[in-house]
Number of protein chains: 2
Amino acid sequence: MQGRLNIVPFVSVDNMMKLVLAIGIERFLTGLAAAIEEDFRRWELFDKTPRIASHSAEGVIELMPTSDGTTYGFKYVNGHPRNTRQGRQTVTAFGVLADVGNGYPMLLTEMTILTALRTAATSALAAKYLAPKDARVMAVIGNGAQAEFQAMAFRTMLGIDRLRLHDIDRAATEKCIRNLAGLGFDITACGSAAEAVQGAQIVTTVTADKQNATILTDNLVGRGIHINGVGGDCPGKTELHPDILLRSDIFVEYSPQTRIEGEIQQLAPDHPVTELWRVIAGHAEGRRGADQITLFDSVGFAIEDFSALRYVRERIAGTGFFEELDLLADPDEPRDLFGMLLRAQG
Amino acid sequence: MQGRLNIVPFVSVDNMMKLVLAIGIERFLTGLAAAIEEDFRRWELFDKTPRIASHSAEGVIELMPTSDGTTYGFKYVNGHPRNTRQGRQTVTAFGVLADVGNGYPMLLTEMTILTALRTAATSALAAKYLAPKDARVMAVIGNGAQAEFQAMAFRTMLGIDRLRLHDIDRAATEKCIRNLAGLGFDITACGSAAEAVQGAQIVTTVTADKQNATILTDNLVGRGIHINGVGGDCPGKTELHPDILLRSDIFVEYSPQTRIEGEIQQLAPDHPVTELWRVIAGHAEGRRGADQITLFDSVGFAIEDFSALRYVRERIAGTGFFEELDLLADPDEPRDLFGMLLRAQG
């Protein structure tokens, strides 16, 4: 990846899929989680800003930048809940990694698939610190584009091999079951959220509607469980009844952002929450006992994308899973941009 | 540019040069200026935020987003003054245009060359409203990567055909003279800024050092001239002595940004300035008379990049000057991202 200054390595959707499959989905998820864990340990080094959002009636377009002082990364991501009606993804994304020292981009990559992977890796990483010991059963409520990635991450990192799936659209659940067939899960399709949570030590909520919905009511949440709340991720979009929040110990990525976008937008602005990085770095306790209800109120944070970008950059080195993009003007003499243009006349 | 949902048209550096040359540099600049003028007329429609900057000891990396409610655009741009020492550009950039309705990117393009063009087009557009009538002579102080673009824009839009060039590095001036030879300019190389401004009705300052420098002192600025101040564009980087500012009527792009980044960072925060769009839309006066000193304190604003992006998107339609980038995951069934990944196993 050294060489001509005009070139930026580019990982297309096709190459991302090939890279993930060449490494193996589970190994990729484990590697991603390790990169995220490493970056969460050095959390204080990072330049943190809430994402920059451009809202419209149809959805949102966001830029999520961060930097560790040496490397800069940002992700472009949209969220348009009605997109599926036109055959489009609700969420698409791409990202860029750049060198802080000279400002030159050093990776451009698709991040639609990568975001699903990093979200799942972050969820499983949080659960490693927060879920009850020896959990085997996970309910997954919302069986859309993220569901299988969550299942794979929880199996490889926590040994979860029994799934209880529920979606208001039965076809989504069937798609999940089809995709996960032969991958070693014991799967139960459930007709309601109430049925899905029965016997589950972990409950993952990952629905997509942009509205304040109540996917889980308080009576469904028993003692000792871990809730992995993934789908409440923008203002006006929540999944959990506030009573559940009041009974839980709540863990978040970056509290200034989560208070705006997460489940805790339903709570008082000073309601106590713990940032996950503090648990990982040993500054705060994760799960304390068997009766505690823990909630990871996940909205997705720029550092997770940064970790994913640097992991991909490390992994494509020496492979053929990228193209060379002629993205940066590189005149023979740096000040001679105009001369370069004239000489292109050929 | 319709078609498969995974594809985003990409304009490489090579294709940008071919596109500009196929259209013609002067026609391209005129077209760009017209797009900017049109967008400045509907200024109030745009979502305006100051750029999001990540500063380091070596320079800055910025994201500049904006939206007109229908289309969203952003530019990634760095500024690293010491880059030329390693053969790199001080400023490189790329940009993206997206559909607000579904959040899908619809153009990715190099913007290093495009930024030089849009900066020059904006300068000449401002001068159309602010420079003295019948100006023929322009001093250009700072003969780096931007200089020839400025010269070309001022000739095609204002009829400037006599240039007085100065740079502390004589080699830069010689490069300019070489590049502009045969393009119809009468050029004088000047040993000092004082010499360069003699007889000039327009003075363009476009130096690159990241420091508060005094390229022009007060005694050099005679009555009636228009100053096109391009090089003072970030905190701590200015080119003009504050006394010049106090004698000038000052025009800016977006005052909240210019007060931080422009020449006027040297003035009181309530010093009166006029936003250029108000002149273009007929809400404020431009040049009032022959004795007035006008200053366009230009720092570059996201709307100019938006205009440039949409102009490029319009102009590549039906040409071969773009590639198709496989940037967006597009499963047959939108929720079946995981299935798409599995099926790539082939």
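The values are calculated or read from the model by the stated rules, or taken from the named source; none is laboratory data. If you're wondering where the values come from, they're calculated on a predicted model, not measured in any experiment. Note that we place each Cβ from the backbone using ideal geometry, even for glycine, and neighbour counts take in every protein chain shown. Keep in mind that these areas ignore ligands, DNA and RNA; they rest on the heavy atoms of the full protein, side chains included. Shrake-Rupley method; radii C 1.70, N 1.55, O 1.52, S 1.80 Å.
Please list, by residue number, every one of the GluC sites (Glu not before Pro) in the stretch A:27-56 that is coil in DSSP and has at most 11 other beta-carbon atoms within 10 Å. Display every interim value, and only then the final one.
On the way: sites: A:GLU37, A:GLU38, A:GLU44; in loops: none.
Sites meeting the loop and neighbour criteria: none at all.
For B:LYS237, a cut-off of 12 angstrom between C-alpha atoms picks up these aspartates and glutamates, skipping any fewer than 8 places away in its own chain: B:ASP209, B:GLU261, B:GLU263. Evaluated with a Cβ-only charge set (Lys, Arg +1; Asp, Glu -1), the protein assembly as shown carries a dipole of roughly 420 debye about its Cα centre, given to the nearest 20.
Residues considered: B:ALA151, B:ALA189, B:ALA302. Largest GNM mean-square fluctuation over chain B, using C-alpha springs under 10 Å, is found at B:ALA189. Label-point spacing at B:GLY159 relative to the other copies reads 8.5 nm, in ascending order, each point sitting 7 Å out from Cα along Cα→Cβ.
In square angstrom and rounded to 100, what buried accessible area do you get between chains A and B, total over both, with the probe at 1.4 Å? Summing both chains' loss of accessible area gives about 6900 Å².
Can you give the net charge of the other residues whose Cβ lies under 9 Å from the Cβ of A:TYR72, counting K and R as +1 and D and E as -1?
Cβ neighbours under 9 Å give a net charge of -3.
For the stretch B:122-300, the Kirkwood radius over C-alpha pairs fed into Stokes-Einstein at 4 °C and 1.567 mPa s yields D = 81 µm² per second. Comparing A:GLY87, A:ILE293, A:ILE7 along the charge dipole axis of the protein assembly as shown, the residue lying farthest to the positive side is A:ILE7, per the Cβ-charge model. For the residues B:ALA317, B:ALA193, B:ALA139, a GNM of chain B with alpha-carbon springs under 10 Å puts the largest fluctuation on B:ALA317.
Basic side chains Lys and Arg get +1 at the Cβ, acidic Asp and Glu get -1 at the Cβ, and with that the dipole of chain B about its Cα centre reaches some 620 debye. Rounded to two decimals, the Cα radius of gyration of the stretch A:88-152 over 2.2 N^0.38 Å is 1.48. Evaluated on the protein assembly as shown, the Kirkwood hydrodynamic radius is 26.7 Å, with distances taken between all distinct Cα atoms.
Comparing A:GLU174, A:GLU323, A:GLU314 in a Gaussian network model of chain A where C-alpha atoms under 10 Å apart are linked, the largest mean-square fluctuation is found at A:GLU314.
Summary for A:GLU174: label point 7 Å along Cα→Cβ; distances to the equivalent points in the other copies, ascending, 7.7 nm. Between the stretch B:170-187 and the stretch B:12-54, the C-alpha centres lie 25 angstrom from each other. Distances between copies of B:ALA290, taken at a point 7 Å out from Cα along the Cα→Cβ vector and listed shortest first: 9.7 nm.
Of all the Cα-Cα pairs you can form in the stretch B:188-279, what percent are over 22 Å apart?
Result: 23 percent of Cα pairs exceed 22 Å.
How much of the DSSP bridge set in the stretch B:213-346 is antiparallel, in percent, rounded to the nearest 5? Around 10 percent antiparallel, to the nearest 5. In this label model, B:ARG288 and A:ALA22 are separated by 6.7 nm, measuring between points 7 Å along each Cα→Cβ vector. The residue among A:ILE280, A:GLN257, A:PRO242 whose Cα reaches farthest toward the positive pole of the charge dipole of the stretch A:241-291, with charges on the beta-carbon of Lys, Arg, Asp and Glu, is A:ILE280.
For the stretch B:239-255, 3J(HN,Hα) computed residue by residue from phi via the Karplus equation (6.51, -1.76, 1.60; θ = phi - 60°) reads 10, 10, 5, x, 4, 5, 4, 5, 8, 9, 8, 9, 10, 9, 7, 10, 4 Hz, glycine and proline entered as x. For the stretch B:301-341, heavy-atom accessible area (probe 1.4 Å) falls by no less than 20 Å² from the chain alone to the full protein assembly at B:LEU325, B:ASP326, B:LEU327, B:LEU328, B:ALA329, B:PRO334, B:ARG335, B:ASP336, B:LEU337, B:PHE338, B:MET340, B:LEU341. When a 1.4 Å probe is rolled over the protein heavy atoms, the share of accessible surface on the protein assembly as shown that falls to carbon and sulfur comes to 47 percent. How many angstrom lie between the Cα centre of the stretch A:286-322 and the Cα centre of the stretch B:215-261? So the separation of the two Cα centres works out to 47 Å.
For each pair in A:LYS48/B:LYS18; A:LYS133/A:LYS175; A:LYS128/B:LYS48; A:LYS48/B:LYS128, compute the distance between the two Cα atoms and list the pairs where it is over 32 Å. Pairs exceeding 32 Å: A:LYS48/B:LYS18; A:LYS128/B:LYS48; A:LYS48/B:LYS128. Taking one equal scatterer on every alpha-carbon of the stretch A:270-346, how large is log10 of I(q)/I(0) by Debye at q = 0.12, 0.25 1/Å? Relative scattering, expressed as log10 I(q)/I(0), comes to -0.68, -1.19. Multiplying the residue separation of A:ASP249 and A:ASP99 by 0.36 nm and subtracting their alpha-carbon distance yields 50.2 nm. Each principal axis of the Cα cloud of chain A was taken in turn, and the coordinate range along them, longest first, works out to 73, 44, 39 Å.
Taking every DSSP beta bridge that has both ends in the protein assembly as shown, the antiparallel portion is near 50%. The modelled label-to-label distance for the pair A:GLU174/A:GLU333, using points 7 Å beyond Cα in the direction of Cβ, is 6.9 nm.
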